[in-house]
Amino acid sequence: TVDAVGQVLCHDITQIIKGVKKDVAFKKGHVIKKEDIPVLLSVGKENIYIWEKQDGVLHENEAAEILYGICKNKNMKPSPVKEGKIEVIADVDGLFKIDLDRLYEINSLGEMMIATRHGNTAVKKDDKLAGTRVIPLVIEEQKMKRAEEIGAGKPIMEIMPFKHKKVGIVTTGSEVFHGRIKDTFGPVIIEKLSEFDTEILGQKIVDDDMNSITNAVINYIKDGADLVVCTGGMSVDPDDRTPGAIKNTGADIIAYGAPVLPGAMMLVAYYDYNGKRVPILGLPGCVMYAKRTIFDLILPRVMADDYITKSDISRLGRGGMCLNCDMCTYPNCGFGKGM
């Protein structure tokens, strides 16, 4: 035992202290340290069984370090290695991204695993992102080198920190403009934006005139808005003018319509101004009354400056149906998790 520092236990060792505990003191696979020797001797272990280190074979802790190295990126930190496992922890609030193709390829090698939370989701500082380990106690070094080749020196995970954004809100509808009804859309949008670092430049209420909507959007962008949110007038009714008004700004329409319920009539566009791409979101009426909608799926990406493509919108279809549960547990549910 006194010569075993650095060796690997091949079985659990139990410690019994009468009236205090009976528990595993050291688990199979533990790498013996100098400070462990007195404890081992105190439980009567003057000789112990160990794994003999072989060239070309790695212990599970060493292998977990390699897997963590494939995952890690700035804004992340590791947990202490425990039982051959390392967890990846968020070091900032932001948008969690995964290279799914390389993740699948590494997990397909066998005898190793990287388990992650869903990508394209908002995370907070100290949230768990992933766990890494190998399945056996020891693994061939050559197999871990293959995993590193797939990693190719580029982390398979990323956290895009959320940015401070100035937001302009354009609310359309003659019924609101003329004071026939009270606007109930704006407060919902402001509450959702408050989950992020945002500054509301204002809320402009306009009627259903297309030029008025277009001018309101452009004026907010000229006033420094990093995001413009348009509410109302997003359906296919002839007097719903918001999609056409956004198009008339000259913005690049990425998508009008999405395979998400609630939220099928969502519009995503970008307006180029003074060297930056300002997102413009046209929100359907469901955002006003449904607990969670496509807006909740898109907003974290917008807040992290993660450019949204038509293909991104199309992929929302898998997992894109909210089940409207009596007790909403979002984001701890399947809504929007098919990406």
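The values are calculated or read from the model by the stated rules, or taken from the named source; none is laboratory data. On a predicted model such as this, the values are computed, not experimentally measured, just so you know. So basically every Cβ, Gly included, is an ideal-geometry build from the backbone, and we count neighbours across all protein chains shown. These accessible areas exclude ligands, DNA and RNA; they are computed on the full protein's heavy atoms, side chains included. Shrake-Rupley method; radii C 1.70, N 1.55, O 1.52, S 1.80 Å.
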Just to verify a number: what accessible area does Thr14 come out at with the full protein assembly present, 1.4 Å probe, Å² rounded to tens?
70
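Dipole of region 1-106, Cα-centred, from +1 at each Lys and Arg C-beta and -1 at each Asp and Glu C-beta, to the nearest 20 debye? It would help to have the intermediate numbers written out before the result.
Values: 16 positive and 18 negative charges, 89 e Å.
It comes to approximately 420 debye.
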To the nearest Å, what is the center-to-center distance of region 293-325 and region 214-260, using C-alpha atoms only?
18
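Can you give the % of DSSP beta bridges in the chain that are antiparallel, to the nearest 5? Each step should come with its number before you reach the end.
Details: 43 of 61 bridges.
The antiparallel proportion sits near 70 percent.
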Environment charge at Asp252 (Cβ cut-off 14 Å; Lys +1, Arg +1, Asp -1, Glu -1)
+3
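For the chain, what is the calculated [θ] at 222 nm in deg cm²/dmol (nearest 500), taking -39500 (n - 2.57) for each run of four or more DSSP H residues and dividing by its residue count? Numbers along the way, then the final one.
On the way: 11 runs with 89 residues, N = 339.
One gets -7000 deg cm²/dmol as the mean residue ellipticity at 222 nm.
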Could you look at region 186-295 and say what percent of its accessible area is carbon and sulfur, using a 1.4 Å probe and all protein chains?
49
Relative contact order of region 25-167, please, whole-number percent, based on alpha carbon pairs below 8 angstrom and at least 6 residues apart.
31
Could you give the length gained on full extension between Asp3 and Lys124, defined as 0.36 nm per residue of separation minus the Cα-Cα distance, in nm?
39.0 nm
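As a test of the definition: which semi-axes, in Å, follow for region 1-105 when you take the square root of five times each eigenvalue of its alpha carbon gyration tensor? Largest first, please. Write out the running numbers ahead of the final one.
Details: eigenvalues 239, 64, 24 Å².
Taking √(5λ) for each eigenvalue gives 35, 18, 11 Å, largest first.
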Fluctuation leader among Tyr220, Tyr307, Tyr270 - the chain, Gaussian network, Cα springs under 10 angstrom
Tyr307
Taking springs between alpha-carbon atoms closer than 10 angstrom, which of Ile313, Ile169, Ile50 fluctuates most in the Gaussian network model of the chain?
Ile50
Tell me which of Val170, Ala122, Val57 sits at the most positive position along the dipole axis of the chain, charges placed on C-beta atoms (Lys, Arg +1; Asp, Glu -1).
Val57
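What is the calculated FRET efficiency for Asn324 to Val236, with r their C-beta to C-beta distance and R₀ = 22 Å, to the nearest 0.05?
Approximately 0.45, to the nearest 0.05.
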Dividing the alpha-carbon radius of gyration of region 38-174 by 2.2 N^0.38 Å (N being the number of residues), what value is obtained?
1.42
Between Asn248 and Asn211, with labels modelled 7 Å along Cα→Cβ, what's the label distance in nm to one decimal, could you check?
0.8
With every protein chain left in place, what is the accessible area per residue of the chain in square angstrom, probe 1.4 Å?
52
Taking Cα centroids, how far is region 141-181 from region 1-80 in Å?
40
Simple spin-label estimate for Lys82 and Glu195 in nanometres, 7 Å along Cα-Cβ
2.9
Near the amide H of His30, under 5 Å away, which other amide H atoms are found, from residues 5 or more places off or on another chain, if H is placed in the peptide plane?
Leu9
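Would you work out the relative contact order for the chain, in percent, from Cα pairs under 8 angstrom that are 6 or more residues apart?
Values: 683 pairs, mean separation 42.0, N = 339.
Rounded, it is 12 percent for the chain.
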Using amide H atoms built in the peptide plane, which far-off residues or other-chain residues are under 5 Å from Gly202 H to H?
Ile169
State, to one decimal in nm, how far the label point of Lys33 lies from the label point of Asn274, with both points 7 Å from Cα in the Cβ direction.
5.5
